[in-house]
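*Asks:* Here it is, the structure, as structure tokens.
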Amino acid sequence: MRQSQSFIPTLREIPADAEVKSHQLLLRAGFIRQSASGVYTFLPLGQRVLQKVEAIIREEMNRAGAIELLMPALQQAELWQESGRWYSYGPELMRLKDRHERDFALGPTHEEVITALVRDEVRTYKKLPLTLYQIQTKFRDEKRPRFGLLRGREFIMKDAYSFHTSKESLDDVYNKMYEAYSNIFRRCGLNFRAVIADSGAIGGKDTHEFMVLSEIGEDTIAYSDASDYAANIEMAPVVTTYEKSEELLRPLEKVHTPEQKTIEEVSAFLQVSKEKCIKSLLFKVDDRYVLVLVRGDHEANDVKVKNVFEASIVELASPEETKEVMRCSIGSLGPIGVDESVTVIADYAVQAIVNGVCGANEEGYHYVGVNPDRDFNVSQYTDLRFIQEGDPSPDGKGTIRFARGIEVGHVFKLGTRYSEAMNATYLDENGRIQTMIMGCYGIGVSRLLAAIAEQFGDENGLVWPAAVAPFHVHLILVNQKADEQRELAEEWYEKLGQAGFEVLYDDRPERPGVKFADSDLIGIPVRVTVGKRASEGIVEVKVRQTRESMEVHVNELVETVK
Ligand code: ATP
Ligand code: MG
Ligand code: MG
Ligand code: MG
């Protein structure tokens with residue numbers, strides 16, 4: 001492409017509102033422009049990089065057996081009401097009405113649309129497993145859109161959804177997706193790490209995030225310096241053991257392990273949906289029995305809150321005779337990790353039942369929200385803390401280190417969360433109706449661009465890994481008025497193109513200083529400069545990343561540029 005005829009508006013100044021390197025460079029180098037807060041235009045260079053990244057993603061998705069489709073961004077509220085998320089998703093969901101006053105949302109994700117589609121089209125086990133994906137624009141009304149493409153309100157995502165008849169089949173596809181993700185991020189040249197992620201109720205091993213390591217990342221990763229252990233700090237275990245409760249509370253005696261009293265049993269008994277349940281515990285206090293069922297509450301008060309738990313607490317006449325004597329609930333327990341929250345909740349429960357506090361409500365089994373700091377003195381729990389640098393790794397191997405990460409991908413075993421709510425069923429071999437088991441898998445495609453820019457950019461500009469670069473070669477004509485330079489550059493613009501290279505040809509009537517500065521800013525991996533020695537057939541080849549340069553004869557150019 002001739003630069004004189006392209007649209008690459010570069011900026012000399014650092015835009016005032018761009019805080020991080022990737023945002024500054026993508027603006028300055030003419031890859032993106034802001035249209036509204038968190039909403040961007042991809043300029044021609046940005047669009048080319050997007051297409052490169054998308055091509056890699058498509059290849060790896062197809063290789064993993066996923067099939068591409070394209071779903072609508074405009075989604076009717078009824079679907080979201082079916083899943084329940086119309087009420088729980090909160091203000092991040094962009095809601096709108098059509099001219100008939102019917103409610104719609106602009107899709108932040110597509111579990112509802114795809115579950116409805118597959119529910120309607122797939123009736124038999126013979127059509128399963130099925131993995132479908134799309135690359136599409138998503139909308140999330142982020143509270144704080146920032147860092148350019150890293151946190152937009154309109155952004156591009158690759159989202160895949162898989163449907164299964166068994167947990168084993170889900171595990172199989174999950175592993176394939178995990179592999180595909182690793183390949184994608186490796187091919188993008190990134191330094192990344194897959195970490196155990198926060199899945200609230202579903203359990204840490206069933207979800208991983210892919211983190212690009214970067215100082216400006218919003219997540220903290222705890223990893224071992226001697227093994228593969230790595231977790232989002234949100235999911236990393238709390239280290240300090242829970243010891244002090246007995247000073248203030250009555251001693252707990254665990255009479256059933258969670259295994260003995262399953263979540264299925266307890267949630268059925270309490271008539272609550274088992275989907276969010278994390279743990280059930282049965283305690284003996286003096287001679288009374290307290291059953292606690294802990295649920296992750298991801299969407300408390302209309303806001304997504306991590307590691308906030310809610311518990312149903314029931315006093316039983318006896319462990320065998322599951323007759324409910326009294327019920328209460330507590331919520332809004334701070335972010336202190338699953339196991340410790342469970343223990344703390346259990347203690348609250350006992351206090352509630354034995355001492356009759358914290359919203360315990362004998363009549364009507366009404367759920368009452370209880371806040372630890374408001375309704376309890378929580379000072380005895382202050383020893384609880386997150387895992388810290390220098391702690392031994394939870395897998396017993398090595399020492400914990402911290403790093404910052406940008407979440408570029410997320411794989412998730414959904415189970416029957418959506419298929420149950422939306423009645424996505426199939427007929428098994430015996431003609432019986434079964435609920436589909438699901439997984440979902442996302443990549444922040446536009447965020448990936450910024451993550452690459454963040455990891456590779458230097459003080460002079462962007463540095464694109466060859467696999468995703470907007471062009472392979474930046475051909476610079478130093479002086480377009482010098483005939484021998486112009487003729488040689490024109491000739492090799494043609495020849496490099498014929499040899500299969502994508503060439504950006506700077507044929508503009510600009511000063512050499514401007515051309516070189518723009519070239520560094522744009523960050524194409526190889527620069528070929530046609531200058532003073534054009535008459536001898538000698539050009540300069542410079543590698544953007546290493547800044548190595550050498551003079552070569554044009555006859556060796558194709559070999560050198562490869
Ligand atoms: P985050 O924790 O950064 O808010 P998320 O966990 O809400 O992300 P997911 O629902 O897991 O995001 O969506 C899948 C992927 O989409 C994420 O891994 C991320 O790469 C990308 N993504 C999510 N929100 C945004 C956004 N506002 N702008 C750009 N990319 C995003
Ligand atoms: Mg988010
Ligand atoms: Mg996240
Ligand atoms: Mg996520």
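Every number here is computed from the coordinates shown, using simple stated rules; none is lab data. Note that the coordinates shown come from a computational prediction; the quantities given were computed from them, not determined experimentally. Methodologically, a virtual Cβ is constructed for each residue, glycine included, from the backbone with ideal geometry; neighbour enumeration extends over all protein chains shown.
*Asks:* For the peptides 497-507, 473-483, what is the packing order when you average, over each peptide's residues, the other Cβ atoms within 10 Å and list the highest mean first?
*Replies:* 473-483, 497-507
*Asks:* Between region 1-17 and region 18-78, what's the alpha-carbon centroid distance in Å?
*Replies:* Cα centroid to Cα centroid, the span is 19 Å.
*Asks:* Continuing with the same structure: Between ASN191 and VAL552, what length in nm is gained on full extension when 0.36 nm per residue of separation is reduced by their alpha carbon distance? Don't skip to the end; give the middle numbers.
*Replies:* On the way: separation 361, 0.36 × 361 = 129.96 nm, distance 3.25 nm.
Result: 126.7 nm gained on full extension.
*Asks:* Roughly speaking, what % of Cα-Cα pairs in region 56-128 are separated by over 15 Å, rounded to a whole number?
*Replies:* 63
*Asks:* Determine the shape class of region 392-495: with a ≥ b ≥ c the square roots of the Cα gyration tensor eigenvalues, call it rounded for a/c under 1.5, and otherwise prolate if a/b is greater than b/c, oblate otherwise.
*Replies:* oblate
*Asks:* Roughly how many nanometres apart are two label points built 7 Å out from the Cα toward the Cβ at GLN388 and ASN175?
*Replies:* Modelled inter-label distance: 3.9 nm.
*Asks:* Continuing with the same structure: Give me, ordered by chain and number, the residues 5 or more places off GLY461 or on other chains with an amide H under 5 Å from its own placed amide H.
*Replies:* It is none; the list stays empty.
*Asks:* How much length, in nm to one decimal, is gained on full extension between ASN430 and LYS532, taken as 0.36 nm per residue of separation minus their Cα-Cα distance? Intermediate values should be presented prior to the final figure.
*Replies:* Values: separation 102, 0.36 × 102 = 36.72 nm, distance 7.99 nm.
That works out to 28.7 nm of additional length.
*Asks:* Something else now. Binning at 5 Å from 0, report for region 465-528 what percent of all alpha-carbon pair distances ends up in each bin.
*Replies:* 4, 19, 28, 24, 17, 6, 1
*Asks:* Let me ask something else about it. Contour minus end-to-end for GLU68 and ARG401, with contour as 0.36 nm per residue of separation and end-to-end as the Cα-Cα distance?
*Replies:* 116.0 nm
*Asks:* Which of LYS52/LYS138; LYS52/LYS532; LYS21/LYS176 have a Cα-Cα distance over 25 Å?
*Replies:* With Cα atoms farther than 25 Å apart: LYS52/LYS532; LYS21/LYS176.
*Asks:* Follow-up. Need one word for region 33-98: rounded, prolate or oblate. Basis is the Cα gyration tensor (sqrt eigenvalues a ≥ b ≥ c); a/c below 1.5 gives rounded, then a/b vs b/c decides.
*Replies:* oblate
*Asks:* To continue, here is another question. At what distance in nm do the modelled label points of GLU218 and ASP120 sit from each other, each positioned 7 Å from its Cα along Cα→Cβ?
*Replies:* Here the modelled spin labels are 3.4 nm apart.
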